[in-house]
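S.K.: One structure follows; several queries about it will come next.
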Amino acid sequence: MAEHPDRNWSLWLGVAITLAIVLPAALSLAWTPYPPAAIDIKARLQGWSPAHPLGTDPFGRDVLSLLMAGARNSIGIALGAVALSVGIGVPLGALAAARGGWLDDLLMRGSDLLFAFPAVLTAIMLAAALGPSMGVAILAIGLFNLPVFARVTRSAAVRIWPRAFVQAARLSGKSRTRITLEHILPNILDQLLVQVTLQLALAILTEAGLGYLGLSVPPPAPTLGRMLADAQSFLAVSPRLAILPGLAIALAVLGLNLLGDGLRDRLDPRLGRQP
Amino acid sequence: MRSLLRIAAALLTIVLASVLVFLALNVLPGDPAAVMLGTEARPDTLAALRRQMGLDQPLPLRWWQWLTGLARGELGTSHTYGVPVAELVAARAVVSLPLALLALLIAVGLGIPAGLFAATRHRRTGDLATMAVALVGLSVPAFWIGILLVLLFAIGLRWLPAGGFPGWGAGIAPGIAALILPAIALGLPQAAVLARVTRTAIVEIMRLDFVRTARSFGLTRTEALRRHALPNALPPIVTVLGLQFSFLLAGAVIVENVFYLPGLGRLVVQSVGGRDLPTLACLVMLLVTAVVAVNLAVDLLLLRLDPRLRHRG
Amino acid sequence: MTGLLEVERLTVRRPGGPPLVREVSFQVARGERLGIVGASGSGKSLTALAIAGLLPDGLTAEGSVRLDGREILDLPEAELARLRGRRIAMVFQEPLTALDPARRIGRQVAEPLAIHGLGTSLERTARAAALLRAVGLPPERASPDSFPHELSGGQRQRVLIAAALAAGPDLLLADEPTTALDLVTQRQILDLLDELVAAKGLALLLVSHDEGVIARMCPHVLVMAGGRIVRAGPAAAPSTAGAVLPPQPPGRADPPALLTASGVSRRYRLPGGATRQAVDGVDLTITPGEAVGLVGSSGSGKSTLVRLLTGLERPDAGVVRLEGRDPAEPAVPRHPVQLVFQDPFDSLDPRWRVGRILAEPLHGLRLDPAERHRRVLAALAEVGLPAEAVGRHPHAFSGGQRQRIAIARALVAHPRLVVLDEPISALDRALQEQVLELLAALRTRHGLAYLLVSHDLDIVRRLCSRVLVMAEGRIVEEGPVGQVLLQPASAAARALLAARLAPPAPSPAPPVAPPKAWDYEP
C-alpha cells in the first residue's frame, strides 16, 4: 500500500541530473576538448561556435573544458570532504550510541564545538595559516560536516539499541562492537545514505563559495566558484561566463537534492514497517 | 537549572573554540617575528623582537592573555588599517547587521507562509509547485543569485546599484537600496529551507492523533492547523532557524564580497589578503561567538516553547 | 423506531481502489449501545471515522449517514465541524498521542465548549474542572494546569473522555478506547464510560477488536470482517476455559536451583533528578523444569526484573545467579537462558534472513557450519515452520509465524530456562491459543523451565504451576496458581483478578467487591 507511488520521479530525475554533471566531469580526467589551462588571447571572449561550443573566456580558454575540469575539482573536493566526515563521524556517533554515559556527552559536546565553526570560516582560517589548497578545502568542509554525521548516526542508532532484536543479540553474548556492525549499522544505512547525498550537495555549494573567495584549489586548476568570480569583471560584456558555471553548480546540487529526497521518500519508515 | 547548564556549556564551547582559533592562527603559520624580519635576520634581533611581541612566553599563557584581552574588549590594532580592531568592527557591523536582519526578514516572511500554503495544499498542485521552487532555491548558491540579480536589476534594468555602500550618513533610503539585492540573494535560499521545514513539520503534525482529536471537538481542518499544528510546529522551525544561522553567516561573507559591501565578511577576506592574522583571529572569534550565542538562544527558546522539555534532564 | 444515527450502505475507499468498508448499514437509537468487533483491517475503525467525517486523507465515503434523519455524510467540512463535539463526540485509542502535548489539560477539556461558543471563559474553566472531577481526576490527583506528559495513560484517557463529553453530545463514538491500556486500567476506564454513558443517556458506538470489551459494555454487537458486517446479534463473552496445565515434574526433595535472585534492586534516575525504585529487594528461585508465572500491572517492575534476571542489566544491589554464575558477566555464555519478546515485529532484525537470525544464539558455541545448520532446521521443525523459511526475511511472515520464529530462536541453543515476556499479548485470539499450546508442548518435550511474564492471570494459569505477583517493584504474593486465583491475599492480585472481563466458566464468587472505577489508578 505505497502511499505515493508517483514520488519516484524525484529519485530518477535526480539520478539523471546528477549523471549529466558527473559524467562530463569524470570524462575530464581522460579528455577535454582543449586543455583547460590553454590560453589563446586571439580567441578571447568568443561566443558559441563549432570550435568552442560554449565559447571562450577573457584569456581565450575553452569554457566547456573549464566547466568539465572545474566540476571535476568541485565534485572531487565534495567527495573527499564527505568521505572524511563519514569516516570519522559515523564511527564516533555509533560509539556514542553504543556506550552512552560520559563518552556520549563528551562526543556530543565535541561535535557542538566543531559545529560552531562554519566551513567558510574554517577554510578562511586554515587558508590564512597554510595557504589555500585542495587539502584545506576538504578539511574545512569535512570538519564542518563531521558533527552532522556523528549526530545523525547517534540519533538513528539510539533508536535501534532498545529494540528487541538487539536485546536478543546481547543475550547471545555478542559484544557491543559486534552488535553495532551486525545489527545497528545495517539498520541505519538507509538514513546515512540519504544524509550522504544531501551533505554532498551542501559540500558542493560550500566549495563553490570557497572557490569564489579564492580559497579552494589554487590556479591554474579551474573551479566553478573562481570562474564566477573572474566572470564578475566581464558581467556587462559577457553574462554567459557568469551564468554557465552557476548553472553547473545549481544543477549538480539540485540533482543530489532530488536524489536525497527521492531516497528518503522511498525509505520512509512509515511506508515499509508494518505489513 | 537546565538553562544554567546550557549557558555553561555554551561558554565552555566558546573557550574551547578560542583554543582552536589560537592554535590555527598563532601556531600553524609559524613564528610571526621571523616572518616580519625575513630570512636574513640576526638571531639576537629576532630574540629581541620575540621578547617585545611576547612570543617568548609559554603558549598557554599567551592564549590566556589573548582570551582575557578579548573578553575585556581589548581587540588590538589592525596592522593593515592602523586603527583599533574594535573601531573597525563597529564600522563594519553597521553594514553586516542590517544586512543579516533584512535577509532574515525575507527568509521568514517568505519561507514560513510558503510552507504553510504548501501544507494546506498537501499533495496537490499548489504543494508540488511550491516545493519544486523551494528545492531549486535551496540548490542555488546565494552568491550566484547575487550575480544574477546584479545582471538583471543593475546592469539590465538599472534600477539598483550593482554594489558598494554609500554609508548611513547618506540617508536611510540609499543605504537600504544598497542592501536590498544582497539581502534577497542571502535570504532566498534560507526561505527555501524554511518553507520545506515548515511544510514537513505541519504535515507530520496534522497526521498526529491529537489533531484528529481537536477536529472531533468541532474544529475544521484549517482551524486545527492554526490552533494546534502551528504551535506544535514552532519548535522544529525555530531549531532549523538556529542551525541555519551558521549558513547565513557563511553566505554573508561571500555575498558581501559579491556586492563590495564594507561589512564584517569582507573585512574577514581582506584581512586574509593582507595577512592581518591578529585581526582575523578577533573576527573569527566574534563570528563563532555569534553562532554559539544564537544556538544558545534557540535552546532557551525551545525550553519555553515545549512544555515536555522543561522536565527532562 | 426513529434512530438517532442511521447508517446506510456506507462504503469507504481510496479513489480507484477496492472498498475498505463495503455497504455497511445499521442504526443506533437514542441512548442505545452498539458494539462493532473485528480484527485489524476489518474496517471497523474506518466506519466510526467516516461517521464523524474524520477519514484519513485520500479516503472517500459513499452511502448515507443520517443524524436525526438529516444527511450528514456530504456536509461541507465547516458544517460537519459544527456537529462534531456538539452532537457526535469521539474517544480514540492512543491516550499517549491523542492530546495536544503543548496545552494544559484543563484548556483541552474546555476546548469543545470554546469551539461551540458555550459559556463565558470563566464558566468554561469551572465546567472543565467539574468534568475532570467527574472522570475521577480531582485537582489533587491531576491539576487542570498539568500537561498531558505529566499524566499516566489511564489518566490521559480520562481527560479525553471528559473533553469528549464537555459540549453535551448525544452520540459517543469510542474507537478502541482501552486497547493501549493494561487490564486493570482498562477495567477502570470501561467502568467509567459505563457510568457516564448511563448517567447522561448517551448513545454509544463502541469499536474494539476485543469481544470481551464489547460484551462488558453493549447488549448488541456487529462483527465486521473484510469491510463487511458478517454477523449481528447479542454480544457474548468468549470463553477462555480449558486448561492445558502440564503435568508437574516429579517432586524431588530439594532440587538444585537453576536461577536464584536475592535482594535484587534497581533504581532509575528520572528526569529532573528524582529516582524511581523499579525493582526493590526481590528474592526468587526457579528450579529446573519448573514453570513460574510473574504477574503485575504495567509499571510494577516486571520488565526491569526480567532484564536483571537475564543479565541484560546489572542490579544496583543483590545478586542474580544462573547455574551458579552471574549472567551479566560478559564471559558467561548466556545460552542457558533465552528470551521470547512480546512484539514479534520488533524482535527479529528486519535485515537478516531467518536462518541467520536462528543461528545467532549459537554464537560463541564454536559449532561447525553443518551442525549449526542442523540445529537451526531442528528448531524450525519444532515450531512447525518449513525448512525453506531459513532463506526468507522476517517481513515475509505473519505475526504468529514470527512469534514461532522467535520461539525457535530461543530453543536453538538448548537453554534450560526460557523467559517469556508477554509472549502472546500482541497476537490475535486464535493465534494466542496455538502459541500457548506450542509453548506447553515444548516445555514437556524438553523439560524446560519457564518464567512467564504477563498481566493476564488466565494465561499464567494455563502454563504455570506457581505464580509470583509483583507490585511497586516488590514480590507481594507468591503461591500455587489455583490458590492465588481463588484466594488472592494481596491488593495487587485482587485488582488483577477484578480486571478480568471474562472470568473462566466455573467462576468463584468475587472474593471482594469489584473496585470502583478509579481506585487503583497509579
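S.K.: Only one of these conditions is not met by A:T32: (1) within 14 Å of another protein chain (Cβ to nearest Cβ); (2) farther than 30 Å from A:L267 by Cα; (3) polar (S, T, N, Q). Which number is it?
M.R.: Of the numbered conditions (1) within 14 Å of another protein chain (Cβ to nearest Cβ); (2) farther than 30 Å from A:L267 by Cα; (3) polar (S, T, N, Q), the odd one out for A:T32 is (1).
S.K.: Can you tell me which residues in region B:225-256 are at the interface with another protein chain (Cβ under 9 Å from one of its Cβ atoms), farther than 22 Å from B:V94 by Cα and either crowded, with 24+ Cβ neighbours inside 10 Å or of a type in the set (G, A, S) (or both)?
M.R.: Within region B:225-256, B:H228 is the sole residue that qualifies.
S.K.: Only one of (1) touching a strand residue (DSSP E or B) at 6+ places or on another chain (Cβ under 8 Å); (2) under 30 Å from B:A8 (Cα atoms); (3) not aromatic (F, W, Y) is not met by B:N232, so which one is it?
M.R.: It is condition (1) that B:N232 fails.
S.K.: If you don't mind, there's one more thing I want to ask. Could you tell me which numbered condition C:Q108 fails, if it satisfies all but one of (1) in contact with a helix residue (DSSP H, G or I) (Cβ under 6 Å, 6 or more places away or on another chain); (2) over 21 Å from C:E211 (Cα atoms); (3) in a loop (DSSP other than H, G, I, E, B)?
M.R.: In the conditions (1) in contact with a helix residue (DSSP H, G or I) (Cβ under 6 Å, 6 or more places away or on another chain); (2) over 21 Å from C:E211 (Cα atoms); (3) in a loop (DSSP other than H, G, I, E, B), C:Q108 misses (3) alone.
S.K.: On to the next question. Within the set of pairs 6+ apart or on separate chains, which have a first residue in region B:291-305 that is away from every other protein chain (no Cβ under 11 Å), a second that is assigned to a helix (DSSP H, G or I) and at pLDDT 85 or above, and C-beta atoms under 6 Å apart?
M.R.: Filtered contacts from region B:291-305: B:V298/B:V238; B:V298/B:G242; B:L301/B:V238; B:L302/B:P235.
S.K.: Has region C:68-79 got at least one residue that is among the aliphatic types (A, V, I, L, M), away from chain B (no Cβ under 13 Å) and not in a loop (DSSP other than H, G, I, E, B)? Steps first, answer last, please.
M.R.: Within region C:68-79, the subset among the aliphatic types (A, V, I, L, M) is C:72-73, C:75, C:78.
With the extra rule that they be away from chain B (no Cβ under 13 Å), the set shrinks to C:72-73.
Subsequent filtering for residues that are not in a loop (DSSP other than H, G, I, E, B) retains none.
No, there is no match, as no residue in region C:68-79 is among the aliphatic types (A, V, I, L, M), away from chain B (no Cβ under 13 Å) and not in a loop (DSSP other than H, G, I, E, B).
S.K.: Residue pairs, Cβ under 6 Å, 6 or more apart or interchain, first in region B:257-269 and more than 11 Å from every other protein chain (Cβ to nearest Cβ), second of a type in the set (D, E). List them.
M.R.: Correct list of pairs: B:G263/B:E256.
S.K.: Further, regarding this structure: Against the definition (of a type in the set (A, V, I, L, M), surrounded by 16 or more Cβ atoms within 10 Å (Cβ to Cβ) and in contact with a Phe, Trp or Tyr (Cβ under 9 Å, 6 or more places away or on another chain)), how does A:L45 come out, yes or no?
M.R.: Answer is no for this residue.
S.K.: For region C:318-367, what are the residues that are among the charged types (D, E, K, R), farther than 19 Å from A:T177 by Cα and touching a residue at least 24 places away in the same chain (Cβ under 8 Å)?
M.R.: C:R321, C:E323, C:D343, C:R353 - these are the residues of region C:318-367 that are among the charged types (D, E, K, R), farther than 19 Å from A:T177 by Cα and touching a residue at least 24 places away in the same chain (Cβ under 8 Å).
S.K.: A follow-up question, please. Tally time: how many residues in region B:31-58 are surrounded by 12 or more Cβ atoms within 10 Å (Cβ to Cβ), part of a loop (DSSP other than H, G, I, E, B) and modelled with pLDDT under 75?
M.R.: The number of residues fulfilling the criteria is 2.
S.K.: Tell me yes or no: at least one residue of region B:167-185 is within 13 Å of another protein chain (Cβ to nearest Cβ), under 21 Å from the mean Cα position of the chain (by Cα) and assigned to a helix (DSSP H, G or I).
M.R.: Taking every residue of region B:167-185 in turn, at least one turns out to be within 13 Å of another protein chain (Cβ to nearest Cβ), under 21 Å from the mean Cα position of the chain (by Cα) and assigned to a helix (DSSP H, G or I).
S.K.: Return the total of residues in region B:259-277 being touching a Pro at 6+ places or on another chain (Cβ under 7 Å) and either part of a helix (DSSP H, G or I) or under 24 Å from B:L75 (Cα atoms) (or both).
M.R.: 2
S.K.: Any idea how many residues of region C:368-386 are free of Cβ contacts under 8 Å to residues at least 40 places away in the same chain and in contact with a helix residue (DSSP H, G or I) (Cβ under 7 Å, 6 or more places away or on another chain)?
M.R.: Of the residues in region C:368-386, 7 are free of Cβ contacts under 8 Å to residues at least 40 places away in the same chain and in contact with a helix residue (DSSP H, G or I) (Cβ under 7 Å, 6 or more places away or on another chain).
S.K.: Just the residues that are assigned to a helix (DSSP H, G or I) and either more than 7 Å from chain C (Cβ to nearest Cβ) or under 16 Å from C:A164 (Cα atoms) (or both), please, taken from region B:214-224.
M.R.: Once the filter is applied, which keeps residues that are assigned to a helix (DSSP H, G or I) and either more than 7 Å from chain C (Cβ to nearest Cβ) or under 16 Å from C:A164 (Cα atoms) (or both), region B:214-224 yields B:A214, B:R215, B:S216, B:T222, B:E223, B:A224.
S.K.: If we scan region B:115-136, do we find a residue that is of a type in the set (V, I, T), under 22 Å from the mean Cα position of the chain (by Cα) and part of a helix (DSSP H, G or I)?
M.R.: Within region B:115-136, one or more residues are of a type in the set (V, I, T), under 22 Å from the mean Cα position of the chain (by Cα) and part of a helix (DSSP H, G or I).
S.K.: Which ones in region C:394-404 are in a helix (DSSP H, G or I) and either within 11 Å of chain A (Cβ to nearest Cβ) or surrounded by 22 or more Cβ atoms within 10 Å (Cβ to Cβ) (or both)? Spell out the reasoning first.
M.R.: The first filter runs over region C:394-404 and keeps only residues in a helix (DSSP H, G or I), leaving C:394-396, C:399-404.
Once the filter is applied, which keeps residues that are in a helix (DSSP H, G or I) and either within 11 Å of chain A (Cβ to nearest Cβ) or surrounded by 22 or more Cβ atoms within 10 Å (Cβ to Cβ) (or both), region C:394-404 yields C:P394, C:H395, C:A396, C:G399, C:R402, C:Q403, C:R404.
S.K.: Let me ask something else. Return a yes/no flag: does region C:23-36 have any residue that is out of contact with any helix residue (DSSP H, G or I) (no Cβ under 9 Å at 6 or more places or on another chain) and free of Cβ contacts under 8 Å to residues at least 12 places away in the same chain.
M.R.: No, region C:23-36 has no match at all.
S.K.: In the list A:T56, A:T18, A:T32, which residue meets the criterion of being touching a Lys or Arg at 6+ places or on another chain (Cβ under 9 Å) and either surrounded by fewer than 12 Cβ atoms within 10 Å (Cβ to Cβ) or polar (S, T, N, Q) (or both)?
M.R.: A:T56
S.K.: Hey, another quick one. If you go through region C:169-202, how many residues are out of contact with any Gly (no Cβ under 6 Å at 6 or more places or on another chain) and either small (G, A, S) or not in a helix (DSSP H, G or I) (or both)?
M.R.: Residues that pass the stated criteria total 16.
S.K.: Could you check how many residues of region A:235-259 are more than 8 Å from chain B (Cβ to nearest Cβ), part of a loop (DSSP other than H, G, I, E, B) and touching a helix residue (DSSP H, G or I) at 6+ places or on another chain (Cβ under 9 Å)?
M.R.: Residues meeting the conditions: 1.
S.K.: Restrict the check to region C:362-372 and report whether at least one residue is closer than 30 Å to C:R461 by Cα and either part of a strand (DSSP E or B) or modelled with pLDDT of 90 or more (or both).
M.R.: The answer is no; no qualifying residue exists.
S.K.: May I pose another question? Under 9 Å between Cβ atoms, which residue pairs at least 6 apart in sequence (or on different chains) link something in region B:60-73 that is closer than 12 Å to B:S18 by Cα with a partner that is of a type in the set (V, I, T)?
M.R.: Listed pairs, sorted by first residue: B:W63/B:V19; B:L67/B:V15; B:L67/B:V19.
S.K.: Taking region B:7-30 as the region of interest, how many residues are touching a residue at least 24 places away in the same chain (Cβ under 8 Å) and surrounded by 15 or more Cβ atoms within 10 Å (Cβ to Cβ)?
M.R.: Summing the residues that are touching a residue at least 24 places away in the same chain (Cβ under 8 Å) and surrounded by 15 or more Cβ atoms within 10 Å (Cβ to Cβ) in region B:7-30 gives 10.
S.K.: Scan region A:94-108 and give yes if some residue there is at pLDDT 85 or above and among the basic types (K, R), otherwise no.
M.R.: Yes, the conditions are met somewhere in region A:94-108.
S.K.: Consider B:A103 against the criteria (1) among the hydrophobic types (A, V, I, L, M, F, W, C); (2) assigned to a loop (DSSP other than H, G, I, E, B); (3) closer than 20 Å to B:A195 by Cβ: it satisfies all of them except one. Which criterion is unmet?
M.R.: (2)
S.K.: Considering region C:111-127 alone, what residues qualify as being in a helix (DSSP H, G or I) and either in contact with a Pro (Cβ under 9 Å, 6 or more places away or on another chain) or within 17 Å of B:S216 (Cβ to Cβ) (or both)?
M.R.: Step one: of region C:111-127, the residues in a helix (DSSP H, G or I) are C:111-115, C:121-127.
Listed by number, the residues that qualify are C:E111, C:P112, C:L113, C:A114, C:I115, C:T125.
S.K.: Name the residue, out of A:L228, A:L254, that is at pLDDT 85 or above and closer than 21 Å to A:A38 by Cα.
M.R.: The match here is A:L228.
S.K.: Any chance region C:54-63 includes a residue that's at pLDDT 90 or above, of a type in the set (G, A, S), closer than 22 Å to C:T179 by Cβ and touching a helix residue (DSSP H, G or I) at 6+ places or on another chain (Cβ under 6 Å)?
M.R.: No, because not a single residue in region C:54-63 is at pLDDT 90 or above, of a type in the set (G, A, S), closer than 22 Å to C:T179 by Cβ and touching a helix residue (DSSP H, G or I) at 6+ places or on another chain (Cβ under 6 Å).
The values are calculated or read from the model by the stated rules, or taken from the named source; none is laboratory data. Here the structure is a predicted model, which is why all the values come from computation and not from measurement. When we count neighbours, we look across all protein chains shown, and the Cβ atoms used for this are built from the backbone with ideal geometry, even at glycine.
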